[in-house]
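A.B. asks: Pasting a structure here, questions to come.
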Amino acid sequence: MGRLNGKIAIVTGAGRGIGKEISLKFAEEGAKVVVNDLGGDRDGSGEGKIADEVVNEIKAIGGEAVANYDTVATVRGGENIFKTAINSFNSVDILVNNAGILRDKTLYNMEEDEWDAIMAVHLKGHYNCTRPFVKYIKDNNKTNCRILNMSSVSGLFGNFGQTNYGAAKAGIAGFTRSLALEVTKFKCTVNTISPGAATRLTLDLMQAAGREYDANDWSQGPEQIAPIVAWLCTDEAKDITSQIIHSQGGIVGIMQQPAVIKSFTTDNLWTLDQLDKLIPELVEAKKHHDKQVEENGSPKKV
Ligand SMILES: NC(=O)c1ccc[n+]([C@@H]2O[C@H](COP(=O)([O-])OP(=O)(O)OC[C@H]3O[C@@H](n4cnc5c(N)ncnc54)[C@H](O)[C@@H]3O)[C@@H](O)[C@H]2O)c1
């Protein structure tokens, strides 16, 4: 008996990489899967029917899946992806917003189309694919759904040459926090994943950083993300929402969310002389906090 028996899942960008592994894991756990993928290049250009290969793999293990080749980057694409699920399986329980591309440049060199393409696939892609699902949840009073959104350390920590991608990925974490509040009355959860895995998006960056890639090492590959996403879709995860779950290098962790660490108040408008003292004090408190977080965050072996 699979932990996701009877569930219907949509996974975007599921023709390869992390999305493919999530789709296979969902199928292994008994879910029926819409495997969406535009099948384009790493920068989002081009198209192809790679979703078919994943559908065939799922069928080969006795699962049920259907392919969809629409882009997540348009409202119409998002609606078509959702309709594929309804037309094929009559229902939807799970949406994984995973499709992604890269157009890395420093801001100095970044043209408008490189900014817009990233926003369209990543940030607007989350709107395009999630809105039909949320409408369906509300109109049908559907409960216990799951939405998983793909962020990145690029947006959560920052990364050189990725202002476009980083802004979109930080936006996705914000999208998650607000949406989680909106669907909580339907007992639906919305969580952010911060993944790290060797895929075509990252392999050259890993190798440029001098890291060796071993295809047989699960802790490097995209398969490490799949059980974590699958678990977040089980009934056992019903109370886990608005979180950022990090998975990279064989670890599973939870990230802190923005929070006020220390603050002051005063009766009158702040003077610059007061702030000479107070803001450095706040920054010191933040450094102390960061140190504690770093110590607590180092992985514990299970
Ligand atoms: N691999 C990592 O270390 C890493 C780190 C942080 C975040 N991520 C995020 O995880 C997600 C998956 O990335 P991956 O590493 O598996 O990359 P990948 O390139 O292996 O897979 C992404 C898939 O998305 C598809 N896609 C791209 N644009 C699309 C569109 N407009 N419509 C539909 N499908 C589209 C691609 O065809 C591709 O098959 C992305 O959102 C990525 O930003 C990955």
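A.B. asks: In a helix (DSSP H, G or I), of a type in the set (V, I, T) and closer than 23 Å to F160 by Cβ - does that describe any residue in region 274-286?
C.D. replies: Yes - at least one qualifying residue is present in region 274-286.
A.B. asks: In this structure, does N149 turn out to be within 10 Å of the ligand (Cβ to nearest atom) and in contact (Cβ under 8 Å) with a residue 24 or more places away in the chain?
C.D. replies: For N149, the condition - within 10 Å of the ligand (Cβ to nearest atom) and in contact (Cβ under 8 Å) with a residue 24 or more places away in the chain - is met.
A.B. asks: Could you list, in sequence order, all residues of region 220-260 that are surrounded by fewer than 13 Cβ atoms within 10 Å (Cβ to Cβ) and not in a loop (DSSP other than H, G, I, E, B)?
C.D. replies: Residues satisfying the conditions are D235, E236, I254.
A.B. asks: Right, another one. Given (1) crowded, with 18+ Cβ neighbours inside 10 Å; (2) within 12 Å of the ligand (Cβ to nearest atom); (3) closer than 23 Å to V190 by Cα; (4) of a type outside the set (F, W, Y), where does L102 come up short, assuming only one miss?
C.D. replies: The one condition L102 does not meet is (3).
A.B. asks: Within region 1-17, can you find the residues that are under 22 Å from N80 (Cα atoms) and within 6 Å of the ligand (Cβ to nearest atom)?
C.D. replies: Result: T12, G13, G15, R16.
A.B. asks: Additional query: Going by the conditions given, is G210 free of Cβ contacts under 8 Å to residues at least 60 places away in the same chain, of a type in the set (G, A, S) and within 16 Å of the ligand (Cβ to nearest atom)?
C.D. replies: So G210 does not fit the description; no.
A.B. asks: Go through region 11-42 and count every residue that is outside any helix (DSSP H, G or I) and among the acidic types (D, E).
C.D. replies: Looking only at that region, the number is 3.
A.B. asks: E21 - would you say it is within 16 Å of the ligand (Cβ to nearest atom), acidic (D, E), more than 19 Å from H126 (Cα to Cα) and in contact with a helix residue (DSSP H, G or I) (Cβ under 6 Å, 6 or more places away or on another chain)?
C.D. replies: yes
A.B. asks: Let me ask another. Mind listing just one residue for me: the one in region 43-78 that is part of a loop (DSSP other than H, G, I, E, B) and buried (at least 16 other Cβ atoms within 10 Å of the Cβ) and, of those, farthest from the ligand (Cβ to nearest atom)?
C.D. replies: Looking at residues that are part of a loop (DSSP other than H, G, I, E, B) and buried (at least 16 other Cβ atoms within 10 Å of the Cβ), I get G63.
A.B. asks: When residues of region 204-228 are filtered for being within 20 Å of S23 (Cβ to Cβ) and under 20 Å from the mean Cα position of the chain (by Cα), how many remain?
C.D. replies: 10
A.B. asks: Additional query: Considering only region 176-185, I want to know if a residue exists there that is among the aliphatic types (A, V, I, L, M), touching a Phe, Trp or Tyr at 6+ places or on another chain (Cβ under 8 Å) and surrounded by 21 or more Cβ atoms within 10 Å (Cβ to Cβ).
C.D. replies: No: zero hits.
The numbers here are math on the coordinates, done by the rules we state, and not lab data. Remember, predicted model here, so these are calculated numbers, not experimental data. With ideal geometry, Cβ positions are generated from the backbone for all residues, glycine too; neighbour counts draw on all protein chains shown.
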